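**Q** Have a look at this one before I ask anything.
The values are calculated or read from the model by the stated rules, or taken from the named source; none is laboratory data. Nothing here was measured: the structure is a model prediction, and the numbers come from that model. Counting neighbours? That spans all protein chains shown, and the Cβs are built from the backbone with ideal geometry, glycine included. Protein only, heavy atoms only, side chains kept; ligands, DNA and RNA dropped before computing areas. Shrake-Rupley method; radii C 1.70, N 1.55, O 1.52, S 1.80 Å.
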Amino acid sequence: MKNEQTIEKKRENMAQNNLTKDRNLFPRTLDIPEVLLKDIPCIQTGYLADGELRVWNGPRQEVLSPVWVTDDNGSRPFFIGEYPLLTEAEAFQALDAAAAAYDHGRGLWPTMSVAERIAHMEQFIFRMIEVRDRVVRLLMWEVGKSLQDSEKEFDRTIKYSNDTLAALKDLDRISSRFTIEEGIIGQIRRAPLGVVLCMGPFNYPLNETFTTLIPALVMGNTVILKPPKHGALLYSPLLEAFRDVFPKGVINVIYGRGRKMIPSLMASGRINVLGLIGTSTTANALKKLHPHPNRLRCVLGLEAKNPAIVLKGSDPDLAVRECVSGCLSFNGQRCTALKILFVEACIADEFLERFSETVNSLSFGMPWKEEVFITPVTEKGKTDYLHELVSDAVSKGARVVNQAGGAVHGNFFFPAVLYPVNPEMRVYHEEQFGPVIPVLPFEKIDEPIEYMINSNYGQQVSIFGSDPDQIAQLIDPLVNQVCRVNINSQCQRGPDTFPFTGRKDSAEGTLSVSDALRVFSIRTLVAAKQTDLNRQIITRIVQDHKSKFLATDFIL
Ligand code: G3H
């Protein structure tokens with residue numbers, strides 16, 4: 001045992017040396033491309049409530065990047081800005097404003113025609129594109145996502161927003177007609193739900209927040225948006241556009257510690273929809289606070305521990321490539337990441353060798369380095385947690401298979417491939433949300449299936465294989481365990497027109513371009529018996545454009 005610990009220590013030291021030897025891992029401030037330092041630090045002093053950018057003179061949160069900088073005294077996290085630490089009082093200003101703008105469904109925004117709301121949204125998208133570079137830069141600095149992926153996140157969000165508007169036009173066209181059934185004339189449309197509280201995650205602070213924000217707004221709801229702890233500054237370039245484009249109170253943006261502000265908003269009973277991409281612990285705690293559970297709709301994207309099942313006969317290059325990308329894109333900080341790999345025992349050695357080789361060849365460094373793959377992890381203290389997971393697994397019989405695996409430098413954690421992992425280890429159960437990859441050999445297919453049955457999560461699975469009979473036999477039981485079975489490819493959310501959801505503690509409600517319009521609205525209708533009087537009333541209303549709801553106008 002002692003000998004094993006010494007070997008482990010030596011390995012760690014070796015790995016550590018390999019990383020620290022690379023003196024350029026963290027740059028000196030002078031070496032950072034100047035264009036990336038534009039607007040840094042970003043001191044955010046305002047918040048948006050009731051159509052006003054209100055100045056906050058109270059305490060602010062210092063924002064340190066996961067990227068560290070080096071000088072003669074060593075390395076330290078790079079200071080990139082500050083944002084307001086608001087209190088409950090400001091959170092309630094936002095709630096009052098959102099509730100007033102909704103005005104029990106009588107407000108300007110919820111009663112506006114769909115075409116008019118779409119026009120506002122188009123203006124907003126235009127204004128958003130104008131500040132692309134600033135948002136992308138802040139996104140990169142705040143969460144440590146590569147510049148290239150930060151750009152992709154921005155562009156994906158614009159596409160998502162445009163696709164949402166196109167889907168709404170389609171929905172509206174379908175609803176712009178009357179249905180006559182059993183002597184009753186009806187017009188059925190989707191109507192808003194009320195005040196939506198939108199909170200997104202740090203790993204996709206723009207995109208995932210907007211996948212709830214945009215459909216919530218365009219369906220006529222009013223919104224309180226609280227950006228995540230990491231990924232708050234990037235909202236700064238958008239505040240003016242929010243203020244200018246939307247009627248006052250329709251969108252309100254508050255900053256600060258969720259734990260301080262959000263519970264009382266929920267306890268007020270005035271939040272109608274909770275749109276949260278985060279953890280089930282937070283979601284459950286918040287839901288319980290609402291005094292009228294039946295008046296609260298929840299749209300939740302939560303944890304996941306998606307497994308890959310690699311079968312004998314699978315294409316080894318393809319399986320390794322997809323698993324590496326699935327496990328390690330954005331350092332494994334994706335809810336859809338592959339977080340545990342089950343490999344058929346007879347191919348485990350070959351798989352591991354190729355897998356570790358590929359992991360070790362990944363380009364690592366600062367987010368702006370061209371083609372960089374592994375960057376510093378976002379959260380402070382995360383490397384300690386990842387190190388604990390690795391140590392726990394090693395103490396219970398796993399090896400770190402790849403050279404330099406688990407080496408830490410500042411907020412940088414070199415991916416660790418752990419093998420063989422077993423149920424005694426924490427990493428078998430916990431969602432690591434970082435660059436630690438547990439691998440298990442299996443003899444019988446029941447082993448990964450049992451894992452999924454017993455898991456608290458049920459988002460997706462990836463199957464790698466080539467035998468159609470074997471794959472078909474897995475598909476049928478697995479579609480009842482998770483909400484997406486990927487064949488010979490990693491797990492992922494996209495394309496954004498596909499439904500994105502999960503079972504158990506992984507999600508509530510379905511998100512996709514068209515599904516999101518549905519979850520943030522409710523079907524409602526106007527109905528009348530087919531009498532002469534009613535026909536005349538409806539005809540007059542429609543012909544004279546007297547109602548926004550009871551109308552047959554077509555958005556082209
Ligand atoms: O973190 C969860 C994201 O929704 C994953 O999206 O699969 O496109 O990376 P993605």
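**Q** Tell me the carbon and sulfur percent of the accessible area for the chain, rounded to whole percent, probe radius 1.4 Å.
**A** Carbon and sulfur together cover 51 percent of it.
**Q** Quick one: check the C-alpha center-to-center distance for the stretch 48-91 versus the stretch 386-413, whole angstrom.
**A** 32 Å
**Q** Extending each Cα 7 Å along its Cβ direction at Glu116 and Ala100, get the distance between those two points in nm, one decimal.
**A** Between Glu116 and Ala100, the simple spin-label model gives 2.0 nm.
**Q** Are any of the pairs Lys38/Lys229; Lys382/Lys504; Lys260/Lys382; Lys226/Lys546 more than 29 Å apart by Cα-Cα distance, and if so, which?
**A** Long pairs (Cα-Cα over 29 Å): Lys226/Lys546.
**Q** Amide H of Ala416 versus every other amide H placed in the peptide plane: which residues, excluding those fewer than 5 positions away on the same chain, fall under 5 Å?
**A** For Ala416, the qualifying residues are Gly406, Val436, Ile437.
**Q** Roughly how many Å is it from the Cα centre of the stretch 271-300 to that of the stretch 101-167, as a whole number?
**A** Distance between centres, Cα-based: 24 Å.
**Q** Looking only at Cα atoms, what is the convex hull volume of the chain per residue, in Å³?
**A** Given the Cα convex hull of the chain, per-residue volume reads 165 Å³.
**Q** Moving to a separate point now. So what are the ³J(HN,Hα) numbers for the stretch 314-330, from phi and the Karplus equation (6.51, -1.76, 1.60; θ = phi - 60°), rounded to whole Hz, Gly and Pro as x?
**A** Going residue by residue, I get 6, 6, x, 5, 5, 4, 5, 4, 5, 5, 4, 5, x, 7, 10, 4, 6 Hz, with x marking Gly and Pro.
**Q** Okay, next question. Can you give me the angle between helix 207-218 and the longest principal axis of the chain, using Cα atoms only, in degrees from 0 to 90, rounded to the nearest 10?
**A** With both axes taken from Cα atoms, the answer is about 10 degrees.
**Q** Next question. Which FRET efficiency, nearest 0.05, do Asp349 and Glu371 yield, Cβ-Cβ r, R0 30 Å?
**A** With R0 = 30 Å, the Cβ-Cβ based efficiency is 0.50.
**Q** Would you mind checking which residues have amide H under 5 Å from Val69's amide H? H placed 1.01 Å from N; only 5 or more apart, or other chain.
**A** Long-range HN contacts for Val69: Arg76, Phe78.
**Q** Another question, then. Would you tell me the accessible area of Phe126, worked out with a 1.4 angstrom probe on the heavy atoms of the protein chains, in Å² to the nearest 10?
**A** Surface open to solvent at Phe126 totals about 130 Å².
**Q** Please work out the FRET efficiency for the pair Lys529 and Ala166, using the Cβ-Cβ distance as r and a Förster radius of 35 Å; give the result to the nearest 0.05.
**A** Efficiency computed from Cβ-Cβ geometry: 0.45.
**Q** Sort Tyr255, Tyr102 by accessible area with a 1.4 Å probe, largest first.
**A** Tyr102, Tyr255
**Q** Please give the length that would be gained between Asn57 and Leu318 if that part of the chain were fully extended, namely 0.36 nm times their separation in residues minus their C-alpha to C-alpha distance (nm, one decimal).
**A** 88.5 nm
**Q** Another question, if that's okay. For the stretch 483-522 and the stretch 231-248, what is the separation of their C-alpha centers, rounded to whole Å?
**A** Cα centroid to Cα centroid, the span is 27 Å.
**Q** So, for the stretch 82-301, what is the accessible surface per residue at a probe of 1.4 Å, expressed in square angstrom?
**A** Per-residue accessible area for the stretch 82-301 comes out at 36 Å².
**Q** Over the stretch 82-301, with a single point scatterer placed on each C-alpha, what log10 of the ratio I(q)/I(0) does the Debye formula yield at q = 0.12, 0.18 1/Å?
**A** Reported log10 I(q)/I(0), two decimals: -0.64, -1.38.
**Q** From the phi angles alone, apply the Karplus equation (6.51, -1.76, 1.60; θ = phi - 60°) to the stretch 88-102 and give each ³J(HN,Hα) in whole Hz, x where the residue is Gly or Pro.
**A** Working through the residues one at a time gives 4, 4, 6, 4, 6, 4, 5, 5, 4, 5, 5, 5, 5, 5, 6 Hz.
**Q** Here is a follow-up. First measure r as the distance between the Cβ atoms of Lys260 and Asp133, then evaluate 1/(1 + (r/R0)^6) with R0 = 35 Å and state the FRET efficiency to the nearest 0.05.
**A** 0.60
**Q** Here is a follow-up. In what sequence, largest accessible area first, do Asp476, Asp315 appear using a 1.4 Å probe?
**A** Descending order: Asp476, Asp315.
**Q** By per-residue mean of other Cβ atoms within 10 Å, what is the highest-first order of 525-533, 375-383, 357-365?
**A** Descending mean neighbour count gives 375-383, 357-365, 525-533.
**Q** Separate question: Just to make sure I understand: if all protein chains stay in place, what is the order of Glu122, Glu151 by accessible area at 1.4 Å, largest first?
**A** Listed by decreasing accessible area, they come as Glu122, Glu151.
**Q** Can you give the accessible area of Phe79, probe radius 1.4 Å, in Å² rounded to 10?
**A** 70 Å²
**Q** Report, for the stretch 82-301, the % of DSSP beta bridges that are antiparallel, rounded to 5.
**A** Rounded to the nearest five, the antiparallel share is 15 percent.
**Q** Residues with beta-carbon under 9 Å from that of Leu234, excluding Leu234: net charge, scoring Lys, Arg +1 and Asp, Glu -1?
**A** Cβ neighbours under 9 Å give a net charge of +1.
**Q** Moving on. Considering only DSSP beta bridges with both partners in the chain, what is the antiparallel share in %, to the nearest 5?
**A** Roughly 50 percent of the DSSP beta bridges within the chain come out antiparallel.
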